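Undergrad: Provided herewith is a single structure, encoded as structure tokens, for subsequent inquiry.
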Amino acid sequence: RNRPPHLYQLIRAKEDKKTPRMAHSSSRLLHHGCSAAAAALMLLCSRTTTTTTFAFSPTLKTAFSQQRLWQMQSTPRQTASSLSSSVKTEDSATTVGKPGTADMDWEELGFEFRPTNSHLKMIYRDGEGWGEPELVETPYINIHIGATALHYGQSCFEGLKAYAHENGDVCIFRPDENAKRIRASSSRIMMPAISTETFVGACEKVVRDNVAYVPPYGSNGSLYLRPLLFGSGPRIGLQPADEYTFIIMVMPVGDYYKGGLNKSVKCTVVEDYDRAAPKGVGAAKVAGNYAADLLPNMESKNKGFPISLYLDAKTNSCIEEFSTSNFIGIDRANKKYVTPVSPSVLPSITNKSLMTVAEKDMGYSIEQRDITVEELSDFDEVVACGT
């Protein structure tokens, strides 16, 4: 903590053979229109003394656009697929509608809340289990003043996306993986489990009702789904609630970082704050993890750094993850894909997907291990990979 802060200046590479380029995408739809792996921010690192310069190269993006993993057959009702869930729209426009038909400027979406037709809501009560999902038009909810989510932070969430295909179909990227992860998060803070079938069905239901807000194919946008599970029953003593609310809100989004592929970002290593303790809840997608990042994140942004990288809380020497993204280091010469192994890091569905691409299609060896901050300059590429 007494070291000078490490600053990493991210710039776009020049178009020449001496400077390799790397595809940078944050929540960006690739030409195949299906791969949420495009949510990865890919950065190339070149060595300097106190400042590291990053640029872009297509090393992993090529694999995204050619990888069979993200191509699938669309069916009228496909649940809990190992790859994705699809919503057929081409032959059912009268009942489902078509993507991209809402009155919106699809080229200026950004990553922010926008009103849509509805959100989905389900209630769990002790002794009754989960109720039926319902679509709700109002963006507001009533909640008890004693709700455990308000007092004790009993809340977790997910994030996934639906993409329009060229033929008009809409596919949700790997919702079964998000179902697994929200169960892991909810278990950690003693909330009821949601089955994969229920989770995927709920995602499909809310996408169908908001299909007009799915950005059209080729717009580089997607429909972002934010499932949220929280304790809505009242408790004053520290204990789990007797009622829980599950909602899925949706909204059309563009690039997470302004400018997307055409503009780079600056990154700083966080020296004065820790993201999560080694035996804490860092591996769960609970709301409190993000609340803890608000202050350091805004401090970094006010200094001109849109993205921040955290070190481990115990030694402050090993890389853990970015504020909202996993860390990946690429060694092209030795064909190594290196990502931290830590009980404090949230397992990323995108990172898991990229490891498959790198190993199976590009012949890279996968290393999940401790990575010291000094190793940053040893990597050819550094990836901030969406979770």
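Undergrad: Go through Arg188, Arg226 for me and flag whichever is closer than 27 Å to Asp103 by Cα, at pLDDT 95 or above and open to solvent by 20 Å² or more (accessible area, probe 1.4 Å).
TA: After applying the criteria, what remains is Arg226.
Undergrad: When the residues of region 252-263 are narrowed to those that are open to solvent by less than 50 Å² (accessible area, probe 1.4 Å) and either closer than 22 Å to Glu177 by Cα or in a loop (DSSP other than H, G, I, E, B) (or both), which ends up modelled with the lowest pLDDT?
TA: Taking the candidates together, the pick is Gly259.
Undergrad: Could you tell me whether region 117-133 includes any residue that is modelled with pLDDT of 95 or more and of a type in the set (S, T, N, Q)?
TA: Yes, region 117-133 has at least one match.
Undergrad: Right, next: With the requirement that a residue be in contact (Cβ under 8 Å) with a residue 40 or more places away in the chain, part of a helix (DSSP H, G or I) and closer than 21 Å to Val345 by Cα, what does region 148-197 give you?
TA: Across region 148-197, the qualifying residues are Pro175, Asp176, Glu177, Asn178, Ala179, Arg181, Ile182, Ala184, Ser185, Ser186, Arg188.
Undergrad: So, in region 332-359, exactly how many residues are more than 16 Å from the chain's Cα centre (by Cα) and assigned to a loop (DSSP other than H, G, I, E, B)?
TA: Final tally of qualifying residues: 8.
Undergrad: Can I ask one more? Restricting to region 317-331, and then to whatever is outside any strand (DSSP E or B) and closer than 16 Å to Pro296 by Cβ, can you tell me which residue is most open to solvent (accessible area, probe 1.4 Å)?
TA: Of everything passing the filter in region 317-331, Thr324 is most open to solvent (accessible area, probe 1.4 Å).
Undergrad: Tell me yes or no: at least one residue of region 276-292 is at negative phi, open to solvent by less than 30 Å² (accessible area, probe 1.4 Å) and among the aromatic types (Phe, Trp, Tyr).
TA: Among the residues of region 276-292, not one is at negative phi, open to solvent by less than 30 Å² (accessible area, probe 1.4 Å) and among the aromatic types (Phe, Trp, Tyr), which makes the answer no.
Undergrad: Given the structure, is Thr138 more than 14 Å from Leu225 (Cβ to Cβ), open to solvent by 20 Å² or more (accessible area, probe 1.4 Å) and among the hydroxyl-bearing types (Ser, Thr, Tyr)?
TA: yes
Undergrad: I need every pair where a residue in region 314-327 that is under 10 Å from Ser348 (Cβ atoms) and of a type outside the set (S, T, N, Q) has its Cβ under 8 Å from the Cβ of a residue that is open to solvent by 40 Å² or more (accessible area, probe 1.4 Å) and not in a loop (DSSP other than H, G, I, E, B), sequence separation at least 6 or different chains.
TA: Nothing qualifies.
Undergrad: I want to confirm something. Restricting to region 199-247 and keeping residues that are more than 19 Å from the chain's Cα centre (by Cα) and acidic (Asp, Glu), which single residue is farthest from Pro115 (Cα to Cα)?
TA: Among those that are more than 19 Å from the chain's Cα centre (by Cα) and acidic (Asp, Glu), it is Asp242.
Undergrad: Got a sec? Which of Val207, Val200 is touching a helix residue (DSSP H, G or I) at 6+ places or on another chain (Cβ under 6 Å) and assigned to a helix (DSSP H, G or I)?
TA: After applying the criteria, what remains is Val200.
Undergrad: So, of the residues in region 264-275 that are of a type outside the set (A, V, I, L, M, F, W, C) and either open to solvent by 50 Å² or more (accessible area, probe 1.4 Å) or part of a loop (DSSP other than H, G, I, E, B) (or both), which turns out to be farthest from Ser317 (Cα to Cα)?
TA: Ser264
Undergrad: Hey, any hits in region 154-174 for a residue that's in contact with a Phe, Trp or Tyr (Cβ under 8 Å, 6 or more places away or on another chain), open to solvent by 20 Å² or more (accessible area, probe 1.4 Å) and acidic (Asp, Glu)?
TA: yes
Here is a yes/no grid of residues against (1) in contact with a Ser or Thr (Cβ under 6 Å, 6 or more places away or on another chain); (2) within 24 Å of Phe113 (Cβ to Cβ):
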residue	(1), (2)
Tyr256	yes, yes
Glu271	no, no
Asp274	no, no
Gly280	no, no
Gly304	no, no
Ile307	no, yes
Tyr310	no, no
Asn316	no, no
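Undergrad: Kindly evaluate Val383 against the criterion of being of a type in the set (A, V, I, L, M, F, W, C), touching a residue at least 60 places away in the same chain (Cβ under 8 Å) and farther than 23 Å from Ile182 by Cβ.
TA: In short, yes.
The values are calculated or read from the model by the stated rules, or taken from the named source; none is laboratory data. As the structure is a prediction and not an experimental result, all values here were calculated from the model. Positions of Cβ are backbone-derived with ideal geometry, glycine not excepted, and every protein chain shown enters the neighbour counts. To get the accessible areas, we keep the full protein, side chains included, count just its heavy atoms, and leave off ligands, DNA and RNA. Shrake-Rupley method; radii C 1.70, N 1.55, O 1.52, S 1.80 Å.
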